[in-house]
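These notes concern the structure reproduced below.
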Amino acid sequence: MIFSHLGYTLQYENRKEKGSIMRDFKFHVNTAILFGEDQAHAFAKEIKKLGNRALVVFGGGSVKRNGIYDTITSALKEEGVEWIDHGGIEPNPHIESVVAGVEKVKAENIDVILPIGGGSTIDAAKLIAAASVTGGDPWDIVIRKNKVTGALPIATVLTLAATGSEMDIASVITNPATKEKIGWRSPMVLPKVSLLNPAYTKTVSPYQTASGTADIMSHTMENYFSVNDDAFMQDSFAEGLLRTCVHYGPIAVKNGDDMEARSNLMWASSWAINGLLNTGKTQAWSVHPMEHELSAFFDITHGVGLAILTPRWLRHLLNEETAPKIARFGHHVFDISKKDTMEMAEEAIDRLHYFFLSMNIPMTLEEVGITEDSLEPMAKACADHVGGTIKGFVDLHEEDILAIYKASFRN
């Protein structure tokens, strides 16, 4: 493909003159994926290889009502695996639920952690797995006061396509007492095996499906939007994932039984954040740390917060340096074609905003219950948590974060 009419050829050549090439990296994801509708027994056999007593972690109980829990535990029983329940994990998982899980692990001699649910359930399970072996206060792992020295093996059953936690080393935990939502990571909590049955996502509401789609897209865009790198292959892969979400997200929202849409979104979720897209890149993520403050202060749905902030973030940093990349995004994801790169970038941002709106995602902070007087405290908290500056697509300081919050507050 020829991109010279968008300014890409010149941009690419200029980067090479600056010596900005893809950095060295090691890529290794050792999670066995069992994808499809008839994998429960194969999954149970994999569990048996990991241990004989499992802690089954889940959320509010929907997995028991919709039959997924019974399917998985019946297969466990056939393989001779015993299990103990640990339910009640919150949508933004609380540290208290993790502490309670660690206590059960010790009391019940658990040797494998088995979350059934979405990203929140899996994130909590990761910290339970790490804290059970590492010891100490689990929150100290999150705030990097205590280094992970080991973890119980984790096997996941995914019920919501969104966070990609089923195939990555990251976890995000909320501490309601301190109003903090912080991400942490360790290679030791990479799931050993994950069951991805698209049929398990059929009961997810249209709202959560839309939120999950926004979450997948945000993970992809956090990796995609960068300057001064030469990661053309990764970016092309990212564009394919984004096109998948743009095509199948609205279909799944409209018809939750559409298995083609469910399957494609589920697989896109895993590849958006398993490390492939950010190999060879150096930038930090920008929108996620800003959204974490929204969830920490007001416990909103994570994907919705990301959808609200992302177009305003891109608008805030749009300039001559960033416009070519945003224009490329518009061309390959939304099929926008214009001669002027800046016009193309501006339309791409608008199209992204209205795409989220088309899935009935509320697109202002005011709509999701965030108060105007909280914007400054959240901006300060975000800046504090990132050490003063988000070094992302464009560096963001506290005043930039506040400006993005204000632009996102109401239309």
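The values are calculated or read from the model by the stated rules, or taken from the named source; none is laboratory data. Values in this document were obtained by computation on a predicted structure and should not be read as measured data. Neighbour counts run over all protein chains shown; Cβ positions are idealised from the backbone, glycine included. Areas reflect the complete protein model, heavy atoms only, side chains present, ligands, DNA and RNA absent. Shrake-Rupley method; radii C 1.70, N 1.55, O 1.52, S 1.80 Å.
If you bin all the Cα-Cα distances of the stretch 32-200 at 10 Å, starting from zero, the percentages per bin are 11, 45, 35, 8, 0.
Only helices enter the 222 nm calculation for the chain: every DSSP H run of n ≥ 4 contributes -39,500 (n - 2.57), and dividing by all residues gives -16000 deg cm²/dmol, rounded to 500. Using a probe radius of 1.4 angstrom, the carbon and sulfur fraction of the accessible surface of the chain is 51%.
Treating each Cα of the stretch 191-279 as one equal point scatterer and applying the Debye formula with no solvent, the log10 of I(q)/I(0) at q = 0.15, 0.16, 0.26 Å⁻¹ comes out as -0.55, -0.62, -1.26. Rounded to the nearest whole angstrom, the semi-axes of the ellipsoid equivalent to the stretch 73-150, taken from the Cα gyration tensor as √(5λ), stand at 22, 15, 10, largest first.
Other residues with beta-carbon under 12 Å from the beta-carbon of residue 308 carry, at +1 per Lys or Arg and -1 per Asp or Glu, a net charge of -1.
Working from the Cα coordinates of the stretch 19-71, the gyration tensor eigenvalues give, after taking √(5λ), semi-axes of 34, 16, 13 Å in decreasing order. What's the FRET efficiency of residue 137 with residue 199 using the Cβ-Cβ distance as r and R₀ = 35 Å, to the nearest 0.05? Taking R0 as 35 Å, the efficiency between residue 137 and residue 199 is 0.35.
In terms of Cα to Cα distance under 12 Å, which aspartates and glutamates are near enough to residue 64, apart from those fewer than 8 places away along the same chain? Excluding near neighbours in sequence, the set is 85. Each of residue 384 and residue 255 was given a label point 7 Å from its Cα along the Cα-to-Cβ line. The distance between the two points is 5.0 nm.
For trypsin sites (Lys or Arg not before Pro), the sites in the stretch 92-148 that DSSP calls loop and that have at most 16 other Cβ atoms within 10 Å are 144, 145, 147. Projected onto the charge dipole of the chain (+1 at Lys/Arg Cβ, -1 at Asp/Glu Cβ, origin at the Cα centre), which of 357, 332, 305 gives the Cα projection farthest towards the positive end? About the Cα centre, the residue reaching furthest to the positive side is 332. Exposed loop sites, defined as chymotrypsin sites (Phe, Trp or Tyr not before Pro) outside DSSP H, G, I, E and B with at most 14 other Cβ atoms within 10 Å, are absent from the longest region of the chain, namely 28-411.
To the nearest 10 square angstrom, how much accessible area does residue 38 have with a 1.4 angstrom probe? Result for residue 38: roughly 140 Å² accessible.
With just the Cα atoms defining each centre, how far is the stretch 112-146 from the stretch 339-411? Give it in Å. The distance from the Cα centre of the stretch 112-146 to that of the stretch 339-411 comes to 30 Å. Measuring between alpha carbons in the structure, the pairs from 281/391; 26/49; 77/126 lying more than 22 angstrom apart are 26/49; 77/126.
Per the Debye calculation on the chain with a single equal scatterer at every Cα and no solvent contribution, log₁₀ I(q)/I(0) for q = 0.10, 0.13 Å⁻¹ amounts to -0.66, -1.11.
Once Rg and the Kirkwood radius are both taken over the C-alpha atoms of the stretch 49-104, their ratio Rg/Rh works out to 1.00. Over the C-alpha trace of the stretch 110-228, radius of gyration and Dmax come out as 15.0, 47 angstrom. Sites count as exposed loop sites when they are GluC sites (Glu not before Pro), lie in a DSSP loop, and have at most 14 other Cβ atoms within 10 angstrom; the longest stretch of the chain without one is 38-319. Charge dipole (Cα centre; +1 on Lys/Arg Cβ, -1 on Asp/Glu Cβ; no other charges) of the chain amounts to roughly 820 debye. Here the stretch 204-408 is treated as a Stokes sphere of Kirkwood radius computed over C-alpha pairs; at 4 °C and 1.567 mPa s its diffusion coefficient rounds to 76 µm²/s. Restricting the calculation to Cα atoms, every distinct pair contributes to the Kirkwood radius of the stretch 342-411, found to be 13.5 Å.
Rolling a 1.4 Å probe across all protein chains gives residue 218 an accessible area of roughly 0 Å². Take the Cα of residue 391, step 7 Å toward its Cβ, do the same at residue 144, and the gap between the two points is 1.1 nm.
Probing with 1.4 Å while keeping every protein chain in the model, the per residue accessible area of the chain equals 41 Å². Averaging the sequence gap over all C-alpha pairs within less than 8 Å and six or more residues apart, then dividing by the number of residues, gives the chain a relative contact order of 16 percent. Please report the accessible area of residue 205 (heavy atoms, 1.4 Å probe, ligands and nucleic acids excluded) in Å², nearest 10. Surface open to solvent at residue 205 totals about 50 Å².
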